[in-house]
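Accompanying notes for the structure given below.
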Amino acid sequence: MSKHQKRLAAPRVLRLHRKERALTIRTAPGPHPLEQAIPLGLVVRDYLGLCDTYKETRKIVSNGDILVDGVKRKNFKFPCGLMDVISIPKMRKNVRILYDRNGKLTLIPISESDAEWKLCRIQNKTIIKGKKVQLNLHDGKNKLVEKDEYKTGDVLKIAFKENKIDEVYKFDKGTVSIIIGGTHIGEIASIEEIQVVASSKPNLAKMKGEKEFSTIAENVFPIGKTKPVITLPEVKMQ
């Protein structure tokens with residue numbers, strides 16, 4: 001695998017000037033795939049504008065001044081993706097990563113209290129030794145639970161300090177969600193109906209936001225029971 005990343009070939013989710021220079025920072029392997037992540041160094045230099053050069057970027061990150069989901073990250077290539085919380089304690093600055101209407105990963109300023117938790121979607125479930133249930137989350141983390149009361153597609157509100165589940169937003173009718181893929185990416189809508197397809201094709205979700213539309217179930221990320229619990233980019237919802 002190449003250690004370099006040409007700007008022209010960089011993932012489309014990144015906001016960067018593609019013809020300004022030849023190369024940019026390449027995302028390292030980690031909790032988010034290359035096509036759905038921003039390298040931490042790019043967040044520091046290009047998104048937040050905390051420095052101007054590659055050398056300064058590496059120094060800031062290696063000093064441990066940047067936290068991702070409450071953990072110091074010293075690798076400037078660390079992948080930051082959907083719903084990750086990036087904090088800079090010295091500046092008292094906190095942001096959450098979300099998709100905008102153009103399908104770009106964008107930074108949304110949030111308060112100190114909102115920076116203490118994040119939303120994680122259940123991608124899969126595994127039964128491990130002792131018949132405990134392991135929830136496999138969208139950000140690469142796993143969560144052990146005693147009771148199997150969650151299903152794939154549900155979203156957990158997890159506090160960083162206690163590493164506990166504060167709330168659950170079910171992948172069910174009426175739940176407010178953000179669309180994270182397809183032509184409606186970045187839109188906020190409520191789940192009207194979940195259509196289970198009896199074939200190898202993906203299940204569908206009928207949504208109602210500014211207008212009614214359908215998308216595959218994988219593109220639906222619940223963010224609240226009746227209203228969003230996170231600060232959002234500027235979007236409209238009926």
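The values are calculated or read from the model by the stated rules, or taken from the named source; none is laboratory data. Since this is a predicted model, take the numbers as computed values, not measurements. Every residue, glycine among them, receives a Cβ derived from its backbone with ideal geometry; neighbour counts consider all protein chains shown. With ligands, DNA and RNA removed, areas are computed over all heavy atoms of the protein, side chains included. Shrake-Rupley method; radii C 1.70, N 1.55, O 1.52, S 1.80 Å.
One residue stands out among those in the range 148-166 that are farther than 24 Å from Ile191 by Cβ and part of a loop (DSSP other than H, G, I, E, B): the one that is modelled with the highest pLDDT, which is Phe160.
For the range 207-217, indicate whether the set of residues that are within 20 Å of the chain's Cα centre (by Cα) and at positive phi is non-empty. No, there is no match, as no residue in the range 207-217 is within 20 Å of the chain's Cα centre (by Cα) and at positive phi. For the range 94-116, residues that are farther than 17 Å from Ile188 by Cβ, open to solvent by less than 20 Å² (accessible area, probe 1.4 Å) and out of contact with any helix residue (DSSP H, G or I) (no Cβ under 6 Å at 6 or more places or on another chain) total 2.
Going by what's in this entry, would Asp172 be described as over 21 Å from Val71 (Cα atoms) and among the charged types (D, E, K, R)? The answer is yes for Asp172.
Filtering the range 1-11 to residues that are open to solvent by 30 Å² or more (accessible area, probe 1.4 Å) and in contact with a Lys or Arg (Cβ under 8 Å, 6 or more places away or on another chain) leaves Ser2, Lys3, His4, Leu8. Residue under question is Lys170, and the condition is that it be open to solvent by 60 Å² or more (accessible area, probe 1.4 Å), modelled with pLDDT of 95 or more and closer than 25 Å to Thr231 by Cβ; does it hold? Judged against the criteria, Lys170 is a match. Taking the range 29-53 as the range and being more than 17 Å from Gln5 (Cβ to Cβ) and under 17 Å from the mean Cα position of the chain (by Cα) as the test, only Pro31 passes. Residues of the range 24-40 include at least one that is open to solvent by less than 30 Å² (accessible area, probe 1.4 Å), outside any loop (DSSP other than H, G, I, E, B), closer than 23 Å to Ser111 by Cα and out of contact with any Phe, Trp or Tyr (no Cβ under 8 Å at 6 or more places or on another chain).
Restricting the range 41-53 to residues that are β-branched (Val, Ile, Thr) and free of Cβ contacts under 8 Å to residues at least 60 places away in the same chain leaves a set whose member that is surrounded by the fewest Cβ atoms within 10 Å (Cβ to Cβ) is Thr53. Scanning the range 54-71 for residues that are more than 18 Å from the chain's Cα centre (by Cα) and either open to solvent by 50 Å² or more (accessible area, probe 1.4 Å) or of a type in the set (Val, Ile, Thr) (or both) yields Tyr54, Lys55, Glu56, Thr57, Arg58, Lys59, Ile60, Val61, Ser62, Asn63.
I'd like to know if the range 123-135 contains one or more residues that are among the aliphatic types (A, V, I, L, M), assigned to a strand (DSSP E or B), surrounded by 16 or more Cβ atoms within 10 Å (Cβ to Cβ) and under 14 Å from the mean Cα position of the chain (by Cα).
no
Being in a loop (DSSP other than H, G, I, E, B), at pLDDT below 95, surrounded by 13 or more Cβ atoms within 10 Å (Cβ to Cβ) and out of contact with any Cys (no Cβ under 8 Å at 6 or more places or on another chain) is the requirement here; does Arg15 meet it? So Arg15 passes the test.
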